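Report on one structure; see the data block that follows.
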Amino acid sequence: MKDSKCIEELKKEFDAYAEMYSPEGLDREEQIRMYSIMWLMRKFEEAVKPLWMANKVHGYYHPYITEEAIATAIITQLKKEDYVGSTHRGHGHLIAKGGNINKMMAELFGKEEGYNKGRGGSMHISDMSIGMLGASGIVGAAVAPAVGSALKSWIKGTDDVTVVFFGDGGANAGSVSESMNMAAAWKLPVIFVCENNQWAIATDYARITGEPDLYKRGTGFGIPSYRCDGYNIYQIWETAKAAIERARAGEGPTFIECKTMRMLGHHATDDSWYRDMSVCDKYWEIEPIKRMGEFMVENKLATPEELEAIEAEAMKKVEASIEYADTQCHEPSPDTFYDYIYTDGEVIK
Amino acid sequence: MSIITLRESITQALREEMALDENVFIMGCDVGLRGNPFGITKGLMNEYGEKRVIDTPISEAAFTGLGVGAAIAGMRPLVEILYADWITLPMDNIVNTAAKTCYMFGGQANVPIVIRAPFGVGGGVAAQHSQNNENWFVHVPGLKVITPSTPYDMKGMLKSAIRDNGPVICFEHKRNYSVKGEVPDGEYLVPIGKAAIRKTGTDCTIVAYSYMTYVAEAAAKELEKDGISCEVIDLRSLLPLDYDTVMESIKKTSRVVVVTEAPLRGSIAGEIVGEIIDRGFDLLDAPPQRLGSKNSPVAYNEGLEAMCTPKKEDIIAAVRKTFE
């Protein structure tokens with residue numbers, strides 16, 4: 001149930017808050033698909049922490065939980081040939097692009113059948129067959145290479161579009177600004193999506209950023225720039241739709257800041273001791289899955305039973321992916337140690 | 001055959017590969033209208049258009065990153081860094097993205113990018129336009145590093161680099177740009193990873209690369225007058241490095257001097273000597289000698305600049321030392 005009083009309180013401090021609405025051109029079927037994708041992201045990531053505790057998965061994984069609306073609203077509008085540049089918080093981006101969760105889970109298990117044959121793990125998951133240019137372990141560093149795929153589309157004269165994600169932390173990397181300038185100068189078909197969760201690892205972005213409205217940076221480079229409520233899948237969808245159309249038509253880049261709030265630690269085992277997590281309590285009231293579900297029920301787009309079935313279906317898929325990774329996949333053979341350092345089977349020791 | 005400068009050999013390689021493969025494009029500061037400070041890309045923008053010879057802003061970190069990303073997406077970018085000193089700016093995209101992507105992605109993506117970087121001491125351009133930093137990249141698995149010193153090698157190896165499916169950094173010594181040499185009129189390639197013997201000899205092996213090959217040849221010529229026959233090896237490629245050729249030569253000469261223009265401390269000269277000892281300590285009749293620049297930034301003052309790098313006389317002295 002929606003807690004209206006809590007939401008009224010939240011509006012006072014969350015300046016990006018926007019009411020939910022039905023955008024033109026978004027049919028019921030697509031909304032159900034988007035809702036299902038968000039659940040798949042959520043269930044996938046909720047499953048990983050216990051696997052980490054059980055020593056099935058190791059290293060770092062950075063949850064996308066409560067940011068699901070952003071990737072879903074934007075990436076589901078892309079075609080297969082379009083490119084997505086991701087971040088260290090990339091599981092959701094890959095799922096939205098149509099990635100295979102079995103291969104993703106196998107990668108987290110470090111198995112040969114994983115997307116990256118166990119060489120990359122959570123921070124480097126990629127699927128080149130669907131234009132998923134890969135998650136990246138270095139904050140802000142993946143932006144320039146992703147804009148490079150837009151450069152390709154520009155050189156070749158195709159209508160492929162690139163969407164590149166980064167956070168409020170990544171926004172402060174110099175090459176992000178340099179890339180925005182080049183995208184603007186040459187009208188590259190790219191959409192810069194700043195997922196502003198207000199925390200750069202363990203530092204509140206307000207302490208390290210002069211202008212808190214990050215979308216204004218796009219304006220500074222001559223890029224049409226917008227701010228969205230990062231929990232409002234409809235507003236993001238509509239803003240992205242116009243941006244994608246612009247890019248496809250050769251009219252150049254768009255900057256979209258999706259303001260949200262990081263409601264978990266930086267990575268799975270970060271207990272957030274450095275911040276007051278009670279701040280997040282109000283935000284859970286508008287977390288994107290709950291919020292979209294409530295909107296669809298209120299507007300008779302779906303019944304609660306339908307939504308529950310979608311959640312259960314997502315859970316089943318995730319359980320199957322764990323079963324696959326745990327029982328049907330293999331450790332990489334030591335004989336393949338030097339594989340993929342160079343291309344075409346070349347080994348340089 | 002025609003005789004051309006090394007500078008012209010680069011232009012020929014670029015022009016030919018751009019004609020052969022429409023995925024090849026050039027990007028960098030002043031590469032288009034100006035044709036780069038050394039005139040290497042002059043005219044190419046007129047031939048291939050502004051989308052295949054792209055004048056970039058002075059944003060090395062990001063435009064190299066764009067090149068890396070375009071390569072991942074299937075293009076074959078030639079990214080030019082005006083002076084190798086400034087390769088520090090896109091270091092992250094070279095080391096963490098270009099070199100590692102194929103591996104991290106389990107072979108899903110290749111990064112067929114070529115980065116051209118003019119390097120080396122000379123001309124009074126001081127510490128930020130003179131550096132020899134080729135050694136840094138030899139430490140990075142996933143990269144290839146080439147240092148061709150003749151027009152023939154430059155053209156053939158650059159063409160091989162452009163066709164290579166992984167990242168290659170081509171270090172071009174600024175003092176070599178005017179070197180002239182014969183180049184075949186037709187198509188040819190020089191493979192990456194094979195050293196060349198510039199002068200055969202029987203008494204001492206001198207291992208060098210890029211501009212130092214010419215200094216080593218001059219030293220060998222002088223030593224010849226005194227009856228010391230040196231074999232001069234031009235490595236041509238530092239990663240991979242052709243140790244087979246080096247060891248074959250040492251089998252014959254039992255003595256070796258390794259020369260680099262980079263500051264000696266931590267340089268590839270030490271690495272090569274280490275590898276020689278691992279592979280064939282027993283072949284050596286004398287301790288191997290290492291020569292490199294002094295451990296100093298490069299000075300503006302002509303005298304101080306000249307003091308920095310190994311000279312013909314230094315190589316001669318090092319060779320003589322192997323006979324003591």
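The values are calculated or read from the model by the stated rules, or taken from the named source; none is laboratory data. As the structure is a computational prediction, the values presented were derived from the model and not from experiment. In this analysis, Cβ positions are derived from the backbone assuming ideal geometry, glycine residues included, and neighbour counts consider all displayed protein chains.
Residues that are charged (D, E, K, R) and modelled with pLDDT of 95 or more within the stretch A:13-23 comprise A:ASP15, A:GLU19, listed in sequence order. B:THR5 meets each of the listed conditions (1) free of Cβ contacts under 8 Å to residues at least 12 places away in the same chain; (2) farther than 16 Å from B:VAL114 by Cα; (3) touching a helix residue (DSSP H, G or I) at 6+ places or on another chain (Cβ under 7 Å) apart from (1).
Looking at B:THR41, B:THR101, can you tell me which residue is β-branched (Val, Ile, Thr) and within 14 Å of chain A (Cβ to nearest Cβ)?
Values: B:THR41 fails: within 14 Å of chain A (Cβ to nearest Cβ).
Selected residue: B:THR101, the only one of B:THR41, B:THR101 that is β-branched (Val, Ile, Thr) and within 14 Å of chain A (Cβ to nearest Cβ).
Of the strands (runs of 3 or more DSSP E) contained entirely in the stretch B:234-310, those carrying at least 3 residues that are aliphatic (A, V, I, L, M), at pLDDT 95 or above and under 19 Å from B:GLY120 (Cβ atoms) fall at B:256-263. On the stretch given as the stretch A:138-172, residues that are at pLDDT 95 or above, within 10 Å of chain B (Cβ to nearest Cβ), at negative phi and outside any helix (DSSP H, G or I) total 3.
Filtering the stretch B:109-124 for residues that are assigned by TED's automatic domain parsing to the domain that holds B:MET27 and free of Cβ contacts under 8 Å to residues at least 24 places away in the same chain leaves an empty set. In the stretch B:30-105, counting only helices (runs of 4 or more DSSP H) that sit wholly within it, the ones holding 1 or more residues that are closer than 30 Å to A:TYR115 by Cβ span B:60-72, B:101-104.
Based on what the data block shows, is B:GLY65 within 14 Å of chain A (Cβ to nearest Cβ) and touching a Phe, Trp or Tyr at 6+ places or on another chain (Cβ under 8 Å)? The answer is no for B:GLY65.
Which residues, counting only those in the stretch A:98-118, are within 20 Å of the chain's Cα centre (by Cα), part of a loop (DSSP other than H, G, I, E, B) and either within 14 Å of another protein chain (Cβ to nearest Cβ) or at pLDDT below 95 (or both)?
Step one: of the stretch A:98-118, the residues within 20 Å of the chain's Cα centre (by Cα) are A:98-108, A:114-116.
Now restrict to residues that are part of a loop (DSSP other than H, G, I, E, B): A:98-100, A:114-116.
Those that are within 20 Å of the chain's Cα centre (by Cα), part of a loop (DSSP other than H, G, I, E, B) and either within 14 Å of another protein chain (Cβ to nearest Cβ) or at pLDDT below 95 (or both): A:GLY99, A:ASN100, A:GLY114, A:TYR115, A:ASN116.
Search the stretch A:51-96 for residues being basic (Lys, Arg) and more than 23 Å from A:GLN235 (Cβ to Cβ), and hand back the single one that is surrounded by the fewest Cβ atoms within 10 Å (Cβ to Cβ). Going through the qualifying residues, I end up with A:LYS80. The residue pairs whose first member lies in the stretch A:327-349 and is closer than 21 Å to B:ILE72 by Cα and at the interface with another protein chain (Cβ under 9 Å from one of its Cβ atoms), whose second member is part of a helix (DSSP H, G or I) and modelled with pLDDT of 95 or more, and whose beta carbons are closer than 7 Å, counting only pairs six or more residues apart or on different chains, are A:TYR340/B:CYS102; A:TYR340/B:TYR103; A:ILE341/B:TYR103; A:THR343/B:CYS102.
Right, B:LEU238: in contact with a helix residue (DSSP H, G or I) (Cβ under 9 Å, 6 or more places away or on another chain), within 14 Å of chain A (Cβ to nearest Cβ) and surrounded by 19 or more Cβ atoms within 10 Å (Cβ to Cβ) or not?
Values: in contact with a helix residue (DSSP H, G or I) (Cβ under 9 Å, 6 or more places away or on another chain): yes; within 14 Å of chain A (Cβ to nearest Cβ): yes; surrounded by 19 or more Cβ atoms within 10 Å (Cβ to Cβ): yes.
Judged against the criteria, B:LEU238 is a match.
For the stretch B:88-97, the count of residues that are out of contact with any helix residue (DSSP H, G or I) (no Cβ under 7 Å at 6 or more places or on another chain) and over 21 Å from A:SER149 (Cβ atoms) is at least one. In the stretch A:171-215, how many residues are without any contact (Cβ under 8 Å) to a residue 40 or more places away in the chain, out of contact with any helix residue (DSSP H, G or I) (no Cβ under 8 Å at 6 or more places or on another chain) and polar (S, T, N, Q)? Number satisfying all stated conditions: 2.
With respect to B:GLU47, determine if the residue is surrounded by fewer than 14 Cβ atoms within 10 Å (Cβ to Cβ) and within 14 Å of chain A (Cβ to nearest Cβ). Walk me through it before giving the result.
Working: surrounded by fewer than 14 Cβ atoms within 10 Å (Cβ to Cβ): yes; within 14 Å of chain A (Cβ to nearest Cβ): no.
In short, no.
Do you know which residues across the stretch B:155-178 are under 19 Å from B:TYR211 (Cβ atoms) and touching an Asp or Glu at 6+ places or on another chain (Cβ under 7 Å)? The one that is under 19 Å from B:TYR211 (Cβ atoms) and touching an Asp or Glu at 6+ places or on another chain (Cβ under 7 Å): B:PHE171.
Among the residues of the stretch A:247-270, are any modelled with pLDDT under 95, surrounded by fewer than 17 Cβ atoms within 10 Å (Cβ to Cβ) and farther than 24 Å from A:ILE7 by Cβ? Taking every residue of the stretch A:247-270 in turn, at least one turns out to be modelled with pLDDT under 95, surrounded by fewer than 17 Cβ atoms within 10 Å (Cβ to Cβ) and farther than 24 Å from A:ILE7 by Cβ. Restricted to the stretch B:115-136, and to residues there that are more than 14 Å from every other protein chain (Cβ to nearest Cβ) and not in a loop (DSSP other than H, G, I, E, B), the residue that is farthest from B:SER178 (Cα to Cα) is B:TRP136.
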